[in-house]
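Here the structure comes first, spelled out in structure tokens, and everything after it is commentary.
The values are calculated or read from the model by the stated rules, or taken from the named source; none is laboratory data. Since we're looking at a predicted model, the values are computed, not measured. Note: ideal-geometry Cβ built from the backbone for every residue, glycine included; neighbour counts use all protein chains shown. Note: areas computed on protein heavy atoms with side chains; ligands, DNA, RNA excluded. Shrake-Rupley method; radii C 1.70, N 1.55, O 1.52, S 1.80 Å.
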Amino acid sequence: PACSSRSETGFSSDTMPGVKKFFKGIFGNEEEEDSWTDQFSEYCPKLSMKTRIICWGVCFGLGMFISFLGGLFVLKITTQPEIFATLYTVGNLISISGTCFLWGPCAQCKKMWDKERWLASLIFFFSMAVTLTCAFAVPTPINVPLVIFALIFQFCALVWYSASFIPCGRKILKKIVASVCCCT
């Protein structure tokens, strides 16, 4: 009949929006592409501040524990520097990734690379790469002092990076270092 409310596909016009939404979810829509942040936030529920702080604390505690485990291998640094460097670096990464719970992953990335702390972020990630490179790529007798130096460098980069998130943190840190070193 000419007055049928069914389309050529056999679905009534009332069910078409649901079907379109279903297929858009499966195949996407070339005309209207959602940004990746919209797609990401769809699968990440809104967390309460209490839950965010608990998740941050768990990540921070786990990261510190893994770094501490790395410290237990400090006595074997002459024979197995890879274990010490890997545990320490992974521990730092887990600790820092916990801050994604506080601000959200997108906001955290924006904060890490803004004009005030992009250099601190870059140096911190570079220090982790240097630590792992020294541990795995440099031959064993030479890599021990390099790994120790890289770990000290990584620790300093972590402190400087963390201070960039505290209001006046770097300024305070500079004053502490200057007073310890007796520099004015």
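Per-residue answers, yes or no, for (1) modelled with pLDDT of 80 or more; (2) touching a helix residue (DSSP H, G or I) at 6+ places or on another chain (Cβ under 6 Å):
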| site | (1), (2) |
| --- | --- |
| 46 | no, no |
| 55 | yes, yes |
| 62 | yes, yes |
| 73 | yes, yes |
| 80 | yes, no |
| 85 | yes, yes |
| 94 | yes, yes |
| 102 | yes, yes |
> Which of the residues that make up the range 83-103 are touching a Phe, Trp or Tyr at 6+ places or on another chain (Cβ under 6 Å) and closer than 24 Å to residue 142 by Cβ?
Replying inline: 83, 84
>> Just the residues that are hydrophobic (A, V, I, L, M, F, W, C) and open to solvent by less than 30 Å² (accessible area, probe 1.4 Å), please, taken from the range 56-65.
In response: 59
